[in-house]
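Colleague: Below you'll find the structure I mean.
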Amino acid sequence: MFQIEFGENDDKVVGIDLGTTNSLVAWMNLTKPEVLPGEDGDKLVPSVVSLTTDGAIIAGNAARKELIDHPDRTIYSVKRLMGRGVADVQDELKLFPFRIAEGSDSVIQVRLGEKTFTPPEVSAFVLKQLKKNAEAALGAPVTKAVITVPAYFNDAQRQATRDAGRIAGLEVLRLVNEPTAAALAYGLDKRKEGIIAVYDLGGGTFDISILRLHDGIFEVLATNGDTHLGGDDIDNRLMRIALEDIQSEWKEDISHSGEAVQTLRRDVIAAKEALSFAPVVHLKFSWNGKSYDRELTRELFEGLIKDIVDRTLGPCRDCMKDAGVTPEQIDEVVMVGGSTRIPLVRSAVEVLFRARPHTELNPDEVVALGAAVQAGILSGTVENQLLLDVTPLSLGIEMYGGVVSKLIHRNSTIPASAGEVFTTGVDGQTNVLIHVLQGERELAKDCRSLARFDLKGIPPMPAGMARIEVRFLIDANGILSVTAKDARTGQEQSIEVKPSYGLTDEQVEAMIEASIEHAQEDLDAAQVAMARVDADGILAAVAKAQRDAAYDGLDGEERACIEAAIREVQAVYHSDDHEKIREKIDLLNEVTRGLAETMMNTAVRGALRGTHV
Amino acid sequence: MTADYFAFVGLQPALALDLKDLEKRFLDLSRRYHPDLNARKPAAEREAALEASAILNDAYRTLREPIARAMYLLKREGFDIGEQTTKDVPPELLEEVFELNMALEELKDGDTDALPQIAAARERFLASRNEVDGEIAAKFAEWDAQHSRDTLSAIRGLLNRRKYISNLIEKTNVPD
């Protein structure tokens, strides 16, 4: 009787920040976005995945511990590989211990122990962990999500992120750009009009976006960035110096030991983080009975990283130019990403924009909070707010001679579209190949190849007679789709898409199939979480009833019976068997039935006597 | 794809537009069509909203810039707006262009003495472009009042001239 009914269509949409270093999940708790912690209480889920020696996949904090014990079975910073080909990541491979499997071509395969995975699959393990955390915290299944991406991500990187969501069993309702999500989180809509700059220096990527606010509508004017610039670069620089220093002090090169390097990396990051709050710290590292201790001053640190910080300023100036604003016109500056805790970064931003940046919200959480607000906009719980974002890169097609003809320019508000008419060059030609690229350069070889679209089944006719209208549409996720029709007949034209990087739909489907094998365990975890929420509900209701006059009217045996049933629910509460929890809930419900009826009758009699209820 | 941009934002075809009014129309229609605010509708309506939203954004991008707006209107009125050729070089600029090219050649050979001459040319080109912009604005008003094809022809000529001057300005943008 005290059992609480939950609505059936209570499908919550969560917001996920899938970061290079850490990931978070958040939701809209009535009117306020809130980060959901994992079972260990941590809000940050390290974006680390490990294959244990008994063949299980673990992600998050548990996997981070494996970085030191089993570096060859553990991977971090996989976001750097999303949507990229082997040739693109050669620089990355010098700095990160990615083990690329041979035979990787347009889709990278990374090796964890004896198995290989694509970057979207690895990211999907992180997403599954977040999904699980959210389900446990909310006590309801979570199947829909908004996921954030760096604003400067290209089409292939966005598709790879969406694929990761699908593999994790999430319907990705929207990909949102990280800096714009942050602007939503700051609730800057309270200001009616104004210009906002968002400076986002994360673990692996840098974004700058400039927005204009009009009465709840956030219109992005321009965005710029560098998908290979972030806190990792600072870590790598410190690592190189520490390794050299240790080698000269110990007369020993430890860089071949994955275990030693990961331990040093952890200590270097701790020293870097401490330097944001103290002018002097000690970098301490022990290995094989030897120990190393080096004093680091903030001054020295700032000298070491100045060029990295300076690399963010060029994109900021370009972005202001594209947005058509001067530093004086910018009303607010928002800081996002863990690296913006570094005092040198803050002062550089303050000098450039001539405004004191906002740092009230935790820079690690602000993107996830904004993703939750966007989830609220999509599900209708957040009203009067709307994000109008832009595409970061121009979209074009390769013309004769390898020159790119731009169809949709960068910083165009999305959704955006463009049409182009194609014809045949040779008599009787029945197909036309269209090469689509993204980038600002003039020549196709300098731009990013997205895909080759093959228009097929053109009826044979003299050269130049065919007229195929092709429409390019960039949706609100920043992802391209292409449709074609024969201009003379109006018939849809068939297109075969060969993505240059990334997975085909068939490959993603196969991965979803594979992940269903594990679906049972995932489902069990969700059911346990839901049973616990119900247990919380009935325990609270019974506790309240025990303070009611009706409870005093029960005899000793009845009371003992209820108390015993409460203890039984409590005893199974932490078990992993949701059926057992349900069984005890039902028992408690049964023994409190009489009490509930008495209370109900009292309330009804009160109502009949004309008392206000 | 064939939607009329002016009609889509509820305006009569015109070359001189009130940008504040255009922005308001854009924001109001965004609230109606943006996919985020149509996310819970049935698939067919979501699809239609995506299409409408894309057209709205394309329309706003085109109509808010005077040059893009004029090009769009010319095309809509059946004018050929293909690339101009060298024969369209404004005759009074011919000599100046010749001298500029000489100066740029000298600079390429490392002769920085040409810099002041290039800077002076840049100033003159910027002034010419301002002049052309004034003429274009006058013709916009003229067309809006009378809708004469002769005005549109004149505008097309002015746009070609403007583009030519802009290319020259681009050329003079050399690092000091």
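The values are calculated or read from the model by the stated rules, or taken from the named source; none is laboratory data. Because the structure is predicted, anything quoted here is derived from the model rather than measured. Cβ atoms come from the backbone with ideal geometry, glycine included; neighbour counts cover every protein chain shown. Ligands, DNA and RNA are stripped out before the accessible areas are found, and what is left, the full protein with its side chains, is counted by its heavy atoms. Shrake-Rupley method; radii C 1.70, N 1.55, O 1.52, S 1.80 Å.
Colleague: Do we have A:Gly230 as surrounded by fewer than 19 Cβ atoms within 10 Å (Cβ to Cβ), in contact with a Leu (Cβ under 8 Å, 6 or more places away or on another chain) and of a type in the set (Gly, Ala, Ser) here?
Modeller: no
Colleague: Shifting gears a bit: Being among the aromatic types (Phe, Trp, Tyr), within 12 Å of another protein chain (Cβ to nearest Cβ) and at negative phi narrows it down to one residue among B:Tyr33, B:Tyr72; which is it?
Modeller: Only one candidate qualifies: B:Tyr33.
Colleague: If you check every pair at least six apart or on different chains, which have Cβ atoms under 6 Å apart with a residue in the stretch A:208-222 that is away from chain B (no Cβ under 14 Å) first and a residue that is part of a loop (DSSP other than H, G, I, E, B) and open to solvent by less than 10 Å² (accessible area, probe 1.4 Å) second?
Modeller: Between residues of the stretch A:208-222 that are away from chain B (no Cβ under 14 Å) and residues that are part of a loop (DSSP other than H, G, I, E, B) and open to solvent by less than 10 Å² (accessible area, probe 1.4 Å), the close pairs are A:Ser209/A:Ala151.
Colleague: Any chance the stretch B:50-66 includes a residue that's part of a helix (DSSP H, G or I), away from every other protein chain (no Cβ under 14 Å) and within 29 Å of B:Ser153 (Cβ to Cβ)?
Modeller: So far as the stretch B:50-66 goes, yes, one or more of its residues are part of a helix (DSSP H, G or I), away from every other protein chain (no Cβ under 14 Å) and within 29 Å of B:Ser153 (Cβ to Cβ).
Colleague: Quick one: how many residues across the stretch A:339-398 are farther than 30 Å from A:Gln438 by Cβ and within 13 Å of another protein chain (Cβ to nearest Cβ)?
Modeller: Count: 7.
Colleague: Additional query: Against the conditions (1) within 27 Å of B:Asp36 (Cα to Cα); (2) surrounded by fewer than 19 Cβ atoms within 10 Å (Cβ to Cβ), where does A:Pro460 fall short? Just the number, please.
Modeller: (1)
Colleague: How many of the residues in the stretch A:470-489 are without any contact (Cβ under 8 Å) to a residue 40 or more places away in the chain and away from every other protein chain (no Cβ under 12 Å)?
Modeller: Counting residues in the stretch A:470-489 that are without any contact (Cβ under 8 Å) to a residue 40 or more places away in the chain and away from every other protein chain (no Cβ under 12 Å) gives 3.
Colleague: Does A:Val78 count as within 19 Å of the chain's Cα centre (by Cα) and over 23 Å from A:Asn177 (Cα atoms)?
Modeller: In short, no.
Colleague: Same structure again: Against the definition (of a type in the set (A, V, I, L, M), buried (at least 20 other Cβ atoms within 10 Å of the Cβ) and within 20 Å of the chain's Cα centre (by Cα)), how does A:Leu395 come out, yes or no? Talk me through it step by step, then tell me what you get.
Modeller: Values: of a type in the set (A, V, I, L, M): yes; buried (at least 20 other Cβ atoms within 10 Å of the Cβ): yes; within 20 Å of the chain's Cα centre (by Cα): no.
Judged against the criteria, A:Leu395 is not a match.
Colleague: Kindly check whether there is at least one residue in the stretch A:513-525 that is surrounded by fewer than 17 Cβ atoms within 10 Å (Cβ to Cβ), over 29 Å from A:Ala181 (Cβ atoms), in contact with a His (Cβ under 8 Å, 6 or more places away or on another chain) and at pLDDT below 90.
Modeller: Yes: one or more hits.
Colleague: Something else: How many residues does the stretch A:100-149 hold that are in a helix (DSSP H, G or I) and of a type in the set (Asp, Glu)?
Modeller: Matching residues across the stretch A:100-149 total 2.
Colleague: Cβ-Cβ distance below 7 Å, separation of 6 or more or different chains: which pairs start in the stretch B:118-145 with a residue that is closer than 22 Å to B:Leu94 by Cβ and end on one that is open to solvent by less than 50 Å² (accessible area, probe 1.4 Å) and small (Gly, Ala, Ser)?
Modeller: Qualifying pairs under 7 Å: B:Ile118/B:Ala103; B:Arg129/B:Ser166.
Colleague: Follow-up. If I filter the stretch A:288-302 for residues that are touching a residue at least 24 places away in the same chain (Cβ under 8 Å) and touching a Pro at 6+ places or on another chain (Cβ under 6 Å), do I get at least one hit?
Modeller: The answer is yes; a qualifying residue exists.
Colleague: Might you let me know whether the stretch A:449-458 holds any residue that is within 14 Å of chain B (Cβ to nearest Cβ) and in contact (Cβ under 8 Å) with a residue 12 or more places away in the chain?
Modeller: No; the residues of the stretch A:449-458 include none that is within 14 Å of chain B (Cβ to nearest Cβ) and in contact (Cβ under 8 Å) with a residue 12 or more places away in the chain.
Colleague: Any idea which residue in the stretch A:526-549 is surrounded by the fewest Cβ atoms within 10 Å (Cβ to Cβ), counting only those that are among the small types (Gly, Ala, Ser) and at pLDDT 85 or above?
Modeller: A:Ala543
Colleague: Still on this structure, I have one more. Can you pull out the residues in the stretch A:173-214 that are charged (D, E, K, R) and crowded, with 24+ Cβ neighbours inside 10 Å?
Modeller: Selection gives A:Arg174, A:Glu178, A:Asp200, A:Asp207.
Colleague: All but one of (1) modelled with pLDDT of 90 or more; (2) among the hydrophobic types (A, V, I, L, M, F, W, C); (3) farther than 14 Å from A:Ile208 by Cα; (4) surrounded by 13 or more Cβ atoms within 10 Å (Cβ to Cβ) hold for A:Ile330, so report the exception by its number.
Modeller: Of everything listed in (1) modelled with pLDDT of 90 or more; (2) among the hydrophobic types (A, V, I, L, M, F, W, C); (3) farther than 14 Å from A:Ile208 by Cα; (4) surrounded by 13 or more Cβ atoms within 10 Å (Cβ to Cβ), A:Ile330 misses just condition (3).
Colleague: Give A:Asp253, A:Asp318 a once-over and let me know the one that is outside any loop (DSSP other than H, G, I, E, B) and open to solvent by 30 Å² or more (accessible area, probe 1.4 Å).
Modeller: On inspection, the qualifying residue turns out to be A:Asp318.
Colleague: Now, a different point. Of everything in the stretch A:28-71, what is acidic (Asp, Glu) and either without any contact (Cβ under 8 Å) to a residue 40 or more places away in the chain or within 18 Å of A:Glu135 (Cβ to Cβ) (or both)? Give them in sequence order. Step through it out loud before you land on a result.
Modeller: Start the filter on the stretch A:28-71 by keeping residues that are acidic (Asp, Glu), which leaves A:34, A:39-40, A:42, A:54, A:66, A:69.
A:Glu34, A:Glu39, A:Asp40, A:Asp42, A:Asp54, A:Glu66, listed by residue number.
Colleague: Can you confirm whether A:Lys32 is closer than 25 Å to A:Ala136 by Cα, touching a strand residue (DSSP E or B) at 6+ places or on another chain (Cβ under 7 Å) and among the basic types (Lys, Arg)?
Modeller: Spelling it out, it is not the case that A:Lys32 is closer than 25 Å to A:Ala136 by Cα, touching a strand residue (DSSP E or B) at 6+ places or on another chain (Cβ under 7 Å) and among the basic types (Lys, Arg).
Colleague: Any residue that is open to solvent by 50 Å² or more (accessible area, probe 1.4 Å) and under 25 Å from B:Glu47 (Cα atoms) - is there at least one of those in the stretch A:425-440?
Modeller: Checked against the condition, which is being open to solvent by 50 Å² or more (accessible area, probe 1.4 Å) and under 25 Å from B:Glu47 (Cα atoms), the stretch A:425-440 yields no hits at all.
Colleague: If you don't mind, there's one more thing I want to ask. Tell me, yes or no, whether the stretch A:488-500 has at least one residue that is modelled with pLDDT of 80 or more and polar (S, T, N, Q).
Modeller: Among the residues of the stretch A:488-500, at least one is modelled with pLDDT of 80 or more and polar (S, T, N, Q), which makes the answer yes.
Colleague: Considering each of A:Gln247, A:Gln262 in turn, give the residue that is modelled with pLDDT of 90 or more, in a helix (DSSP H, G or I) and among the polar types (S, T, N, Q).
Modeller: Answer to the selection: A:Gln247.
Colleague: Any idea which residue in the stretch B:36-49 is most open to solvent (accessible area, probe 1.4 Å), counting only those that are within 11 Å of chain A (Cβ to nearest Cβ) and among the acidic types (Asp, Glu)?
Modeller: B:Glu47
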